[in-house]
Amino acid sequence: MNVKERDLKQQIIDEAKGMFMRFGIKSVSMDDIARKMGISKKTLYLHLENKAELISLILEEKLLEEVSTMEKLRKSASNAIEEILGIADFIVATLREMPPMIIYDLQKYYQATWREFDEKYKTHIHRTILENIKWGVKQGYYRQDINPDIITKFYVGKAMVVVDEEMFPADNYDCDVLFQEHIEYHIHGIASPKGLEIFEHRKQNKQPK
């Protein structure tokens, strides 16, 4: 694939991402994407096998962006509490931008693609949170008697429940509120008195004046 072909493929991915965010995944067809870009359906399929592959590429791109962001958060944080709250702020901002129908469409109509992404995402989150917990224990901001592996698996499990449409229907619950409650629950369960002091101080500073 030459540079021009790679550029067109990226343009297709970018255009589809915007259309999915606006109209939902199920509502946008490959014909719609080709029409919006002013290319033939044949040209579209020269670059992508099907819609599932397109969705998979968008999710992969999103995951790489998130991994990069969380690595930067880790490097800039002075302690584990600051890092986990930075991660929470990032995820809440992401959830606020994402229409609930996106996750619903993925889980209902593209189950294989969702499962593949879900496994990769869980692996990424598990690694990030495990490192955070070990760092927090070492610093004394998390309790010394916790089991990092078990707590990490608890965290990942609860985080996945937040986007479970059956457990928390989007019409009744805001994803960002759910995730904020999840983080609050997590930190109160593992933080030492010193860690809770930092956490409460951060919360007070974030409250509107």
(message) Between the range 27-102 and the range 140-186, how far is it from one alpha carbon centroid to the other, in angstrom?
(response) 21
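Say R0 is 22 Å: what FRET efficiency, to the nearest 0.05, do H124 and N147 get from their beta-carbon distance?
On the way: r = 21 Å, r/R0 = 0.95.
My answer for the efficiency is 0.55.
How large is Rg over Rh for the range 148-209, taking Rg from the Cα atoms and Rh as the Kirkwood inverse mean of 1/r across Cα pairs? Spell out each step's value before the answer.
On the way: Rg = 13.7 Å, Rh = 13.1 Å.
Using only Cα positions, Rg/Rh for the range 148-209 is 1.05.
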(message) Could you compute Rg(Cα) / (2.2 N^0.38 Å) for the range 1-48, with N its residue count?
(response) 1.10
(request) May I ask you to evaluate 6.51 cos²θ - 1.76 cosθ + 1.60, the Karplus curve with θ = phi - 60°, for each residue of the range 115-128 and list the ³J(HN,Hα) values in order in whole Hz, giving x for glycine and proline? (result) 4, 4, 5, 4, 5, 5, 5, 4, 4, 4, 5, 4, 5, 5
(request) Set the Förster radius R0 to 30 Å, insert the Cβ-Cβ distance between S27 and Y185 as r into 1/(1 + (r/R0)^6), and round the FRET efficiency to 0.05. (result) 0.30
(message) If I build a Gaussian network model for the chain, linking alpha-carbon pairs within less than 10 angstrom, which residue out of Q11, Q107, Q180 has the largest mean-square fluctuation?
(response) Q11
(request) Treating each Cα of the chain as an identical point scatterer and ignoring solvent, apply the Debye formula and state log10 I(q)/I(0) at q = 0.08 Å⁻¹. (result) -0.35
(request) Under a cut-off of 14 Å between alpha-carbon atoms, report the aspartates and glutamates in cross-link reach of K120, not counting same-chain residues fewer than 8 places apart. (result) E60, E61, E65, E66
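Any chance you could run the full-extension gain for R96 through K42? It's 0.36 nm times the residue separation minus the Cα-Cα distance, nm to one decimal.
Values: separation 54, 0.36 × 54 = 19.44 nm, distance 3.56 nm.
Answer, rounded to one decimal: 15.9 nm.
Throughout, read-outs are computed from the coordinates displayed, never taken from laboratory work. Fair warning: this is a prediction, and the values are worked out from it, not measured in the lab. In this analysis, Cβ positions are derived from the backbone assuming ideal geometry, glycine residues included, and neighbour counts consider all displayed protein chains.
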